[in-house]
Amino acid sequence: MDYIIRRLLQSIIVVFGVTIVSFGFQFLSGDPTYAIIGEAQGMTQEQVDAFRHTMGFDRPVPIQYLDWLSKAFKGDLGKSIYYSKPNTEIISQRFPATVEIAIFALVLSLLIAIPLGIVAATHRNSFWDRISMVIALIGQSLPTFWVGLMSILVFSVWLKWLPVSGRGTFRQLILPSVTLSLYPLARNTRMIRSTLLEVLGEDFIRTARAKGLKPGAVLLRHALRNALIPVITLIAIDFGSLLGGAMVVETIFAWPGMGTLTVNSIFAKDLPLVQACVVFLAVIFVAINFIVDFVYVVLDPRVRLR
Amino acid sequence: MKRFPVVFCLVLALFMSVSFAVCAQDYDPDASIVFTTDDIPSTLDPMWSSALNADGAFRNIFDTMFIQDPATMLLQPHVIKEYSCDESGLVWTFIIRDDVVTQAGEKITAEDLVYSFERIYDVEIAIPGSFMSFLSSQIEYDKSEIIDDYTWKLYTKSPTPGLPYVLAGVYVMDKSFYEALPSKEAAREKIMGTGPYYVSEYVLDDHITLERFDDYWMGPQKIKTITFREIKDVDTRLFELETGGVDAVKDFSPSRIEEIDAWDNVKIIHKSGGCRYFIGFNHENPKWQNKNIRQALNFAVDWNSINEALFANGSPRLEIDVNPPWNDPSIIAYQYDPEKAKSLIEGEGYTLNADNYYEKDGEVLGGSAYFSYPQTSVYTEMIFAIADQYRKQGILLEPVYQESNNYTTKLANMEWDDFFYKRDCSTFDGLGDIAHLAAGNTSNYGRWNDAKWMELYKAFRTEMDAAKAKEIFYELQQYNYEEAPIVFLTRSLELWALNEKLVWEPSPDGRCNFRGAYVLK
């Protein structure tokens with residue numbers, strides 16, 4: 001219980017830190033008034049000052065922060081200037097698209113990474129091990145934007161199998177999900193391989209074999225179950241990253257999710273929305289990690305004992 | 001035999017009418033097109049439109065009070081069919097067409113026009129920095145008077161000869177529809193126009209689909225459905241065009257022209273746009289208060305090399321920072337003349353130092369030039385190319401990237417010493433083109449403040465006689481050219497890649513108004 005409370009407190013501190021950083025960054029590059037109104041073409045200085053006052057940018061920064069924080073606690077993340085809607089409403093409209101692509105990418109990566117990692121570990125230094133490690137290396141090395149554009153070129157332009165971009169049909173989900181799954185796939189393959197190799201060398205595996213269990217049962221029931229525990233943490237981090245870090249993929253494939261929303265809000269200089277997106281994604285990321293810590297305790301008694 | 005000519009004429013007439021009928025049906029009346037750009041409207045209320053590309057969708061849904069010819073940008077009557085102004089220049093009378101109806105079949109009257117016009121002044125609706133906010137700043141509005149259903153009198157506090165051009169940007173909105181909405185904010189999700197298309201589907205940040213309004217007062221358009229799709233990534237936009245997923249793409253690098261031109265069924269249209277690129281001087285710095293030095297920097301730009309290398313020869317040198325049809329055609333752009341530049345600089349007492357830069361009283365001729373274009377932009381390449389050309393001629397121009405907000409803040413607060421590099425965009429209304437150099441204007445970052453210039457500017461701004469106004473404006477342009485308060489570079493190159501079957505004349509203002517467009521069968 002102490003462990004959970006400690007982790008909960010740490011999570012709150014992280015979220016609090018994120019609010020300070022996300023609030024503070026709008027003041028890093030000059031007057032936020034100009035960030036919003038741009039070059040103020042056709043505006044008089046009085047109009048510029050009036051707008052600064054309306055936005056509350058003429059108040060001391062700590063007061064602005066406390067005002068924003070108190071509203072955020074009540075679930076009010078402010079109002080978007082660009083979309084002219086409450087930020088929570090916009091985020092709630094866009095978040096499902098990102099969850100959709102993130103889940104599909106994650107499932108896809110696990111469906112490939114787990115068997116690939118097992119084959120690599122159980123056939124160490126074999127041809128299959130080397131092949132899976134090459135795949136993992138490629139997946140981790142290639143930049144997402146390049147993979148995305150190349151996959152469009154090959155599967156949409158040359159082969160004409162899949163649509164280039166957009167959201168709405170299952171076929172439109174394939175290319176962005178595959179692109180997004182490549183990095184977690186590669187990393188999980190390597191992780192599963194290395195943890196499985198470690199577990200396969202443990203005493204209890206030798207005992208299981210000595211009991212006369214079939215190799216498949218030893219692998220699946222004893223070795224893999226233990227090897228997957230650290231992978232769970234990675235999956236959680238991956239999921240959090242996929243939710244927040246799909247900006248490049250969403251932009252390339254014109255996928256209307258949180259990534260494109262964040263990019264749009266940055267380009268539109270919509271500071272309230274940028275802040276809201278950052279805080280929302282940080283809270284999601286922290287929450288996922290907290291849940292994983294909790295699951296970890298359930299799955300691995302050693303964590304409780306420590 | 002005598003009947004032969006009659007029969008022949010009848011047969012000929014029949015043949016011609018059949019031919020014309022076939023030609024008239026040469027287009028596909030059920031055609032749908034998809035246009036993609038980096039932005040679609042962020043709300044359905046045009047008052048909130050801050051992006052030029054987003055504004056294009058509204059041009060198809062709404063009518064404006066006047067319209068600008070896409071080929072010449074000259075003003076034409078539209079919903080307002082006639083207008084006049086009294087001698088004081090303060091009272092305008094507008095006669096409105098009596099056959100304009102909304103997409104719900106309601107007649108448009110003077111009351112609707114007054115409502116539409118006053119809406120641009122409503123601070124709860126028009127966001128600062130938006131196009132509508134810009135328009136409202138152009139007129140010192142006093143009041144309106146409705147004479148009858150189709151006559152509107154508008155009073156201004158100061159003479160505003162350019163008022164009809166401002167009205168060419170104001171959308172006609174149905175007062176009863178918008179006032180019946182529960183709140184002003186509701187207009188961001190409900191829309192009613194008088195234009196040739198109505199909104200059938202709108203998905204935020206994804207697409208907006210427009211359907212043909214068959215009872216449009218000017219007659220139905222030839223394209224049935226137009227979808228504006230938002231695709232941020234330019235490569236994806238072009239991939240969509242290549243695979244036939246979209247029919248029109250805007251905004252791509254001129255370096256791609258050759259590649260795209262080679263694609264089957266795709267054509268490229270390019271026009272000089274309404275944004276003018278220039279290098280601004282800090283006129284509070286004595287170094288740049290010398291006209292000869294400013295002229296020398298104009299003569300030192302080898303534009304032909306830049307145009308060939310970066311713009312496929314499609315972007316001529318800016319002769320004066322005024323858009324057509326207002327620019328003085330007799331003004332010829334500064335030509336590359338390194339000898340002249342050299343003599344002007346040396347004539348002012350500058351000599352080359354050990355680093356091969358011109359120097360006078362221990363101060364080098366030049367300094368840093370703030371800019372905020374992304375690294376991949378062709379306009380970033382442009383400033384670096386100019387810096388290199390200058391360097392070879394002993395002039396120092398050091399491009400320094402600034403994050404856009406930082407850039408604007410620094411320029412506005414005069415936290416810079418020598419140059420800034422930017423573009424200035426306007427609505428082809430003449431006055432707005434050159435307003436960035438007017439004293440007191442917030443975007444006059446260089447603090448250009450010349451008595452004669454301002455005198456001419458004020459005279460042009462208030463002169464109601466068109467011929468006289470033109471004369472004054474040409475004089476102002478000549479003076480502007482001579483004084484060279486900026487280094488004139490080029491106009492924006494507006495590029496469209498279109499499906500070969502799409503016949504359409506894009507407007508140089510960059511707005512995608514598809515009126516009159518059609519798709520060949």
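One table, with the values for the structure above:
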quantity	calculated
Relative contact order for chain B, counting Cα pairs under 8 Å that sit 6 or more residues apart, in percent	21
Degrees, to the nearest 10: B:52-61 long Cα axis against longest axis of chain B	20
Local electrostatic count at A:V248 - Lys and Arg +1, Asp and Glu -1, tallied over other residues with Cβ under 14 Å	-2
Rough spin-label spacing in nm, given labels placed 7 Å along Cα→Cβ, for A:T88 and B:T72	5.7
Qualifying trypsin sites (Lys or Arg not before Pro) in region B:58-127, DSSP loop, other Cβ atoms within 10 Å at most 12	none
Inter-chain shielding of A:157-168 (mean C-beta neighbours from other protein chains, 10 Å cut-off)	4
C-alpha long axis of helix B:451-462 to longest principal axis of chain B, angle in °	10
In degrees, nearest ten, helix B:338-347 long axis to first principal axis of chain B (Cα)	50
Net charge of neighbours whose Cβ lies under 14 Å from the Cβ of A:I135, counting Lys and Arg as +1 and Asp and Glu as -1	+3
Estimated [θ] at 222 nm from DSSP helical runs (n ≥ 4, -39500 (n - 2.57)) normalised by residues in chain B, nearest 500	-9000 deg cm²/dmol
Estimated 222 nm signal from helices in chain A, with DSSP H stretches of n ≥ 4 weighted -39500 (n - 2.57), rounded to 500	-24000 deg cm²/dmol
Antiparallel DSSP beta bridges within the protein assembly as shown, as percent of all bridges there, nearest 5	80
³J(HN,Hα) computed for each position of region B:134-144 - Karplus, 6.51 cos²θ - 1.76 cosθ + 1.60, integer Hz, glycine/proline x	5, 4, 4, 6, 7, 10, 8, 6, 9, 7, 10
Residue order, fewest to most surrounding Cβ atoms within 10 angstrom, among A:V61, A:V14, B:V199	A:V61, A:V14, B:V199
Of all DSSP beta bridges in region B:273-494, antiparallel share, percent nearest 5	70
Chain A, relative contact order [Cα under 8 Å, separation at least 6], %	27
About the Cα centre, charge dipole magnitude for the protein assembly as shown (Lys/Arg +1, Asp/Glu -1 at Cβ), debye	4160
Computed over region B:206-319: relative contact order in percent, which uses C-alpha pairs under 8 Å that are six or more apart	16
log10 of Debye I(q)/I(0), alpha-carbon scatterers only, for chain B at 0.06, 0.08 Å⁻¹	-0.34, -0.59
Region B:172-241-region A:180-231 distance, computed between alpha-carbon centres (Å)	56
Loop sites in region B:90-157: GluC sites (Glu not before Pro), DSSP, at most 15 other Cβ within 10 Å	B:E124, B:E140
Cleavage-rule hits, GluC sites (Glu not before Pro), region B:209-294, DSSP coil, Cβ neighbours within 10 Å at most 13	B:E284
Under the span-like rule (Cα at least 27 Å along the axis, Kyte-Doolittle mean at least 1.0), DSSP H helices of chain A	A:2-24, A:87-122, A:225-244, A:271-299
Charge-dipole axis of region B:323-396 as Lys and Arg at +1 and Asp and Glu at -1 on Cβ define it, positive-most pick from B:A354, B:Y370, B:A385	B:A385
Estimated FRET transfer efficiency (B:Q375, B:I269; beta-carbon r; R0 35 Å; 0.05)	0.80
Cα-centred dipole magnitude for chain B, charges only on beta-carbon of K, R (+1) and D, E (-1), debye, nearest 20	980
Formal net charge of residues neighbouring B:D26 (Cβ-Cβ distance under 13 Å; K, R +1; D, E -1)	+2
Bins of 10 Å from zero: percent of alpha-carbon pairs in region B:170-221	22, 46, 31, 1
Cα centroid separation, region A:102-162 to region B:316-359 (Å)	57
For region B:392-498, the fraction of alpha-carbon pairs in successive 5 Å shells from zero, as %	2, 9, 18, 21, 18, 14, 10, 6, 3, 0
Test item: B:135-147 mean partner chain Cβ contacts at 10 Å	1
Under 5 Å, built H, 5+ apart or other chain: amide partners of B:I67	B:Q76, B:H78
In sequence order, calculated HN-Hα J values of region B:289-296 (Karplus, 6.51, -1.76, 1.60; Hz; x Gly/Pro)	8, 9, 4, 4, 5, 5, 5, 4
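Bear in mind that the values in this text are calculations on the coordinates, not laboratory data. No experiment lies behind these values; they were computed from the predicted model shown. So basically every Cβ, Gly included, is an ideal-geometry build from the backbone, and we count neighbours across all protein chains shown.
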